[in-house]
1. Find the residue count for region 43-58, including only residues that are at negative phi and surrounded by fewer than 14 Cβ atoms within 10 Å (Cβ to Cβ).
2. Output the number of the condition that GLN205 fails; it satisfies all remaining conditions of (1) among the polar types (S, T, N, Q); (2) farther than 21 Å from MET72 by Cα; (3) within 20 Å of the chain's Cα centre (by Cα); (4) in a strand (DSSP E or B).
3. If you scan region 186-214, which residues turn out to be touching a His at 6+ places or on another chain (Cβ under 6 Å) and of a type in the set (Phe, Trp, Tyr)?
4. Of all residues being within 20 Å of LEU62 (Cα to Cα) and in a helix (DSSP H, G or I) in region 132-163, which is most open to solvent (accessible area, probe 1.4 Å)? Just the residue, please.
5. Name every residue in region 175-231 that is of a type in the set (Asp, Glu) and surrounded by fewer than 18 Cβ atoms within 10 Å (Cβ to Cβ), in order of residue number.
6. Being closer than 23 Å to GLN41 by Cβ and either in a strand (DSSP E or B) or open to solvent by 50 Å² or more (accessible area, probe 1.4 Å) (or both) is the filter here; which residues of region 9-26 pass it?
7. Is it the case that region 50-62 has a residue that's assigned to a strand (DSSP E or B) and either closer than 30 Å to GLU193 by Cα or without any contact (Cβ under 8 Å) to a residue 40 or more places away in the chain (or both)?
8. Report yes if some residue within region 164-179 is touching a residue at least 24 places away in the same chain (Cβ under 8 Å), polar (S, T, N, Q), more than 30 Å from LEU40 (Cα to Cα) and in a loop (DSSP other than H, G, I, E, B); otherwise report no.
Amino acid sequence: MSQITDIKYRTDFTVRAAETDYTRQLTLPGLLRVFHEASLQSVIKLGLSIWHLEKYNASWVLLRKEVNLYKMPVLGDSITVETFPSGADRHLTYRDFKAFDQQGNLLATASSSWLLMELNDRKMMAIPPELVQSIERFFPEPSDCLPRPSGKLPLVSNADFEWNAQVGWFDLDFNYHLNNVTYASWMLNALPESVFKSKTLSNFQIRYTKEALLNDQIHCSTQQINEFQFSHQLNRVSDGADLAYGKSSWI
(Lines give C-alpha, C1' and ligand atoms only; values in the text may rest on other atoms or scores of the structure.)
Protein backbone atom coordinates (compact mmCIF):
# COMPACT_ATOMS: atom_id res chain seq x y z
CA MET A 1 0.00 0.00 0.00
CA SER A 2 2.97 2.32 0.47
CA GLN A 3 3.32 2.35 -3.30
CA ILE A 4 0.12 4.37 -3.78
CA THR A 5 0.78 7.79 -5.29
CA ASP A 6 -2.54 8.51 -7.01
CA ILE A 7 -5.83 7.18 -5.70
CA LYS A 8 -7.65 7.95 -8.96
CA TYR A 9 -8.01 5.17 -11.51
CA ARG A 10 -8.57 6.02 -15.18
CA THR A 11 -9.26 3.64 -18.02
CA ASP A 12 -10.69 3.69 -21.54
CA PHE A 13 -13.69 1.70 -22.77
CA THR A 14 -15.26 1.27 -26.18
CA VAL A 15 -19.06 1.12 -26.26
CA ARG A 16 -20.08 -2.37 -27.38
CA ALA A 17 -23.29 -3.46 -29.07
CA ALA A 18 -24.45 -5.53 -26.06
CA GLU A 19 -24.44 -2.36 -23.93
CA THR A 20 -26.65 -0.27 -26.24
CA ASP A 21 -30.37 0.09 -26.97
CA TYR A 22 -32.29 0.28 -30.24
CA THR A 23 -30.96 3.82 -30.82
CA ARG A 24 -27.37 2.51 -30.46
CA GLN A 25 -26.88 4.62 -27.33
CA LEU A 26 -25.22 3.26 -24.22
CA THR A 27 -27.90 2.21 -21.72
CA LEU A 28 -27.90 2.92 -18.00
CA PRO A 29 -27.20 -0.75 -17.16
CA GLY A 30 -24.38 -0.70 -19.72
CA LEU A 31 -22.88 2.40 -18.12
CA LEU A 32 -23.17 0.89 -14.63
CA ARG A 33 -21.32 -2.24 -15.78
CA VAL A 34 -18.52 -0.07 -17.16
CA PHE A 35 -18.35 1.89 -13.88
CA HIS A 36 -18.28 -1.28 -11.79
CA GLU A 37 -15.55 -2.85 -13.91
CA ALA A 38 -13.46 0.28 -13.39
CA SER A 39 -14.11 0.21 -9.63
CA LEU A 40 -13.02 -3.43 -9.46
CA GLN A 41 -9.73 -2.61 -11.15
CA SER A 42 -9.35 0.38 -8.83
CA VAL A 43 -9.73 -1.62 -5.60
CA ILE A 44 -7.37 -4.28 -6.92
CA LYS A 45 -4.78 -1.56 -7.50
CA LEU A 46 -5.39 -0.18 -4.00
CA GLY A 47 -5.24 -3.58 -2.31
CA LEU A 48 -8.86 -3.35 -1.17
CA SER A 49 -10.56 -5.92 -3.41
CA ILE A 50 -12.67 -8.84 -2.18
CA TRP A 51 -9.59 -11.04 -2.49
CA HIS A 52 -7.66 -8.72 -0.21
CA LEU A 53 -10.57 -8.90 2.26
CA GLU A 54 -10.48 -12.69 2.59
CA LYS A 55 -8.62 -12.44 5.91
CA TYR A 56 -11.61 -10.52 7.28
CA ASN A 57 -14.10 -12.96 5.73
CA ALA A 58 -15.84 -9.92 4.28
CA SER A 59 -16.85 -8.31 1.00
CA TRP A 60 -17.93 -4.89 -0.24
CA VAL A 61 -21.65 -4.40 -0.86
CA LEU A 62 -23.20 -1.44 -2.66
CA LEU A 63 -25.69 0.45 -0.49
CA ARG A 64 -26.63 3.53 -2.49
CA LYS A 65 -25.90 5.11 -5.88
CA GLU A 66 -26.94 8.25 -7.71
CA VAL A 67 -26.20 8.64 -11.42
CA ASN A 68 -26.44 11.84 -13.46
CA LEU A 69 -26.51 11.48 -17.24
CA TYR A 70 -25.59 14.40 -19.50
CA LYS A 71 -24.92 12.80 -22.89
CA MET A 72 -24.84 9.09 -23.58
CA PRO A 73 -22.19 7.83 -26.01
CA VAL A 74 -23.13 5.57 -28.91
CA LEU A 75 -21.91 2.27 -30.34
CA GLY A 76 -18.19 2.39 -31.14
CA ASP A 77 -17.47 5.54 -29.12
CA SER A 78 -14.43 5.52 -26.85
CA ILE A 79 -14.95 6.89 -23.36
CA THR A 80 -12.65 7.46 -20.40
CA VAL A 81 -13.85 6.48 -16.95
CA GLU A 82 -12.32 7.92 -13.79
CA THR A 83 -13.13 6.49 -10.36
CA PHE A 84 -11.74 6.92 -6.87
CA PRO A 85 -12.62 6.46 -3.18
CA SER A 86 -13.98 9.81 -2.00
CA GLY A 87 -14.05 9.23 1.76
CA ALA A 88 -14.89 6.79 4.51
CA ASP A 89 -16.26 6.55 8.02
CA ARG A 90 -16.71 3.71 10.50
CA HIS A 91 -19.36 1.85 8.49
CA LEU A 92 -19.34 3.25 4.95
CA THR A 93 -16.92 4.04 2.19
CA TYR A 94 -17.72 6.38 -0.68
CA ARG A 95 -16.70 6.19 -4.33
CA ASP A 96 -17.15 8.62 -7.22
CA PHE A 97 -17.29 7.93 -10.95
CA LYS A 98 -16.97 10.20 -13.99
CA ALA A 99 -17.18 9.39 -17.69
CA PHE A 100 -15.70 11.61 -20.41
CA ASP A 101 -15.66 11.56 -24.20
CA GLN A 102 -12.38 11.77 -26.12
CA GLN A 103 -12.59 15.56 -26.13
CA GLY A 104 -12.77 15.64 -22.34
CA ASN A 105 -16.46 16.51 -22.16
CA LEU A 106 -18.27 15.14 -19.12
CA LEU A 107 -20.83 12.49 -20.10
CA ALA A 108 -22.00 11.10 -16.76
CA THR A 109 -21.23 11.03 -13.04
CA ALA A 110 -22.13 8.71 -10.20
CA SER A 111 -21.65 8.87 -6.45
CA SER A 112 -21.98 5.77 -4.32
CA SER A 113 -21.77 4.43 -0.78
CA TRP A 114 -20.59 0.94 0.18
CA LEU A 115 -20.61 -1.16 3.32
CA LEU A 116 -18.62 -4.17 4.41
CA MET A 117 -20.58 -7.44 4.77
CA GLU A 118 -19.43 -10.34 6.93
CA LEU A 119 -19.80 -13.37 4.69
CA ASN A 120 -20.99 -15.89 7.28
CA ASP A 121 -23.90 -14.01 8.86
CA ARG A 122 -24.42 -11.70 5.83
CA LYS A 123 -24.58 -8.67 8.15
CA MET A 124 -22.86 -5.29 8.05
CA MET A 125 -19.58 -5.04 9.92
CA ALA A 126 -17.42 -2.12 10.95
CA ILE A 127 -14.66 -1.29 8.49
CA PRO A 128 -11.26 -2.29 9.97
CA PRO A 129 -9.42 0.98 10.72
CA GLU A 130 -6.26 -0.18 8.95
CA LEU A 131 -8.13 -0.38 5.63
CA VAL A 132 -9.10 3.28 5.79
CA GLN A 133 -5.79 4.42 7.24
CA SER A 134 -3.89 2.88 4.33
CA ILE A 135 -5.52 5.20 1.79
CA GLU A 136 -7.19 8.09 3.65
CA ARG A 137 -4.25 10.43 3.19
CA PHE A 138 -4.85 10.17 -0.56
CA PHE A 139 -8.56 11.07 -0.46
CA PRO A 140 -9.32 14.07 -2.69
CA GLU A 141 -10.37 17.35 -1.14
CA PRO A 142 -14.13 17.43 -0.45
CA SER A 143 -14.51 20.16 -3.06
CA ASP A 144 -13.26 17.70 -5.71
CA CYS A 145 -15.85 15.06 -4.78
CA LEU A 146 -19.44 14.61 -5.88
CA PRO A 147 -22.31 15.12 -3.42
CA ARG A 148 -22.91 11.88 -1.58
CA PRO A 149 -26.21 10.11 -2.29
CA SER A 150 -28.62 10.97 0.50
CA GLY A 151 -32.27 11.57 1.37
CA LYS A 152 -35.24 9.25 1.35
CA LEU A 153 -36.46 7.75 -1.89
CA PRO A 154 -40.23 7.71 -2.51
CA LEU A 155 -42.07 4.46 -1.88
CA VAL A 156 -44.36 2.83 -4.41
CA SER A 157 -47.76 3.02 -2.74
CA ASN A 158 -49.93 2.34 -5.79
CA ALA A 159 -48.12 0.77 -8.75
CA ASP A 160 -48.91 2.07 -12.22
CA PHE A 161 -46.64 -0.46 -13.96
CA GLU A 162 -45.42 -3.91 -12.89
CA TRP A 163 -43.00 -6.56 -14.07
CA ASN A 164 -41.85 -9.91 -12.67
CA ALA A 165 -38.50 -11.69 -12.77
CA GLN A 166 -36.64 -14.62 -11.25
CA VAL A 167 -33.03 -14.63 -10.13
CA GLY A 168 -31.09 -17.03 -12.34
CA TRP A 169 -27.55 -18.37 -12.16
CA PHE A 170 -26.11 -15.73 -14.49
CA ASP A 171 -27.66 -12.93 -12.43
CA LEU A 172 -25.37 -13.67 -9.46
CA ASP A 173 -22.14 -11.83 -8.62
CA PHE A 174 -19.05 -12.56 -6.49
CA ASN A 175 -21.15 -12.43 -3.33
CA TYR A 176 -23.57 -15.10 -4.60
CA HIS A 177 -26.48 -12.66 -4.71
CA LEU A 178 -28.25 -10.67 -7.41
CA ASN A 179 -25.85 -8.37 -9.25
CA ASN A 180 -26.51 -4.74 -8.32
CA VAL A 181 -26.72 -3.67 -11.97
CA THR A 182 -29.59 -6.12 -12.48
CA TYR A 183 -31.56 -4.47 -9.67
CA ALA A 184 -31.45 -1.22 -11.64
CA SER A 185 -32.21 -2.91 -14.94
CA TRP A 186 -35.27 -4.68 -13.54
CA MET A 187 -36.56 -1.46 -12.03
CA LEU A 188 -36.50 0.25 -15.41
CA ASN A 189 -38.02 -2.80 -17.10
CA ALA A 190 -41.24 -2.00 -15.25
CA LEU A 191 -41.63 1.19 -17.30
CA PRO A 192 -43.78 1.27 -20.45
CA GLU A 193 -42.20 1.44 -23.89
CA SER A 194 -43.57 4.96 -24.40
CA VAL A 195 -41.25 6.37 -21.73
CA PHE A 196 -38.11 5.04 -23.42
CA LYS A 197 -39.23 6.27 -26.83
CA SER A 198 -40.35 9.77 -25.80
CA LYS A 199 -38.00 10.73 -22.96
CA THR A 200 -34.32 10.68 -22.00
CA LEU A 201 -33.11 9.44 -18.64
CA SER A 202 -31.24 12.20 -16.78
CA ASN A 203 -30.95 10.96 -13.18
CA PHE A 204 -31.26 7.59 -11.48
CA GLN A 205 -31.06 6.85 -7.77
CA ILE A 206 -31.17 3.48 -6.03
CA ARG A 207 -30.93 2.23 -2.46
CA TYR A 208 -30.35 -1.46 -1.75
CA THR A 209 -31.92 -2.91 1.40
CA LYS A 210 -31.76 -6.71 1.16
CA GLU A 211 -30.09 -9.43 -0.88
CA ALA A 212 -31.91 -11.31 -3.62
CA LEU A 213 -30.71 -14.90 -3.93
CA LEU A 214 -30.78 -17.64 -6.53
CA ASN A 215 -34.32 -18.63 -7.63
CA ASP A 216 -35.98 -15.76 -5.76
CA GLN A 217 -39.10 -14.50 -7.48
CA ILE A 218 -38.95 -10.70 -7.73
CA HIS A 219 -41.83 -8.28 -8.20
CA CYS A 220 -40.84 -4.98 -9.83
CA SER A 221 -43.26 -2.08 -9.43
CA THR A 222 -43.22 1.51 -10.65
CA GLN A 223 -45.36 4.51 -9.77
CA GLN A 224 -45.47 7.72 -11.77
CA ILE A 225 -44.74 10.74 -9.54
CA ASN A 226 -45.26 13.37 -12.23
CA GLU A 227 -44.67 13.78 -15.96
CA PHE A 228 -40.91 13.38 -15.59
CA GLN A 229 -40.33 11.23 -12.48
CA PHE A 230 -41.04 7.68 -11.38
CA SER A 231 -40.52 5.75 -8.15
CA HIS A 232 -39.40 2.13 -8.33
CA GLN A 233 -39.41 -0.78 -5.91
CA LEU A 234 -38.31 -4.43 -5.90
CA ASN A 235 -39.90 -6.97 -3.57
CA ARG A 236 -39.30 -10.65 -3.00
CA VAL A 237 -42.54 -12.50 -3.73
CA SER A 238 -42.14 -15.24 -1.11
CA ASP A 239 -42.08 -12.95 1.93
CA GLY A 240 -42.84 -9.49 0.50
CA ALA A 241 -39.46 -8.17 1.68
CA ASP A 242 -38.39 -4.80 0.24
CA LEU A 243 -35.15 -5.36 -1.66
CA ALA A 244 -34.48 -1.95 -3.18
CA TYR A 245 -35.98 1.47 -3.79
CA GLY A 246 -35.31 3.69 -6.78
CA LYS A 247 -36.22 6.94 -8.48
CA SER A 248 -35.75 7.88 -12.12
CA SER A 249 -35.96 11.37 -13.65
CA TRP A 250 -36.45 12.00 -17.36
CA ILE A 251 -36.37 14.95 -19.73
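1. Residues of region 43-58 at negative phi: 43-46, 48-56, 58.
Narrowing further to those that are surrounded by fewer than 14 Cβ atoms within 10 Å (Cβ to Cβ): 51, 54-55.
So the answer is 3.
2. GLN205 satisfies every listed condition except (2).
3. none
4. Here the residue is GLU136.
5. Selection gives GLU193, GLU211, GLU227.
6. The initial filter retains those residues of region 9-26 that are closer than 23 Å to GLN41 by Cβ, namely 9-20, 26.
Answer for region 9-26, where residues must be closer than 23 Å to GLN41 by Cβ and either in a strand (DSSP E or B) or open to solvent by 50 Å² or more (accessible area, probe 1.4 Å) (or both): TYR9, ARG10, THR11, ASP12, PHE13, THR14, ARG16, ALA17, ALA18, THR20, LEU26.
7. Narrowing region 50-62 to residues assigned to a strand (DSSP E or B): 58-62.
Imposing the further condition that a residue be either closer than 30 Å to GLU193 by Cα or without any contact (Cβ under 8 Å) to a residue 40 or more places away in the chain (or both) reduces the set to 62.
For region 50-62, residues assigned to a strand (DSSP E or B) and either closer than 30 Å to GLU193 by Cα or without any contact (Cβ under 8 Å) to a residue 40 or more places away in the chain (or both): present.
8. No; the residues of region 164-179 include none that is touching a residue at least 24 places away in the same chain (Cβ under 8 Å), polar (S, T, N, Q), more than 30 Å from LEU40 (Cα to Cα) and in a loop (DSSP other than H, G, I, E, B).
The values are calculated or read from the model by the stated rules, or taken from the named source; none is laboratory data. Quick caveat: nothing in here was measured; it's all calculated off a predicted structure. Quick reminder, even Gly has a Cβ in these numbers, built from the backbone with ideal geometry, and neighbours come from all protein chains shown. Only protein heavy atoms, including side chains, enter the accessible area calculation; ligands, DNA and RNA are left aside. Shrake-Rupley method; radii C 1.70, N 1.55, O 1.52, S 1.80 Å.
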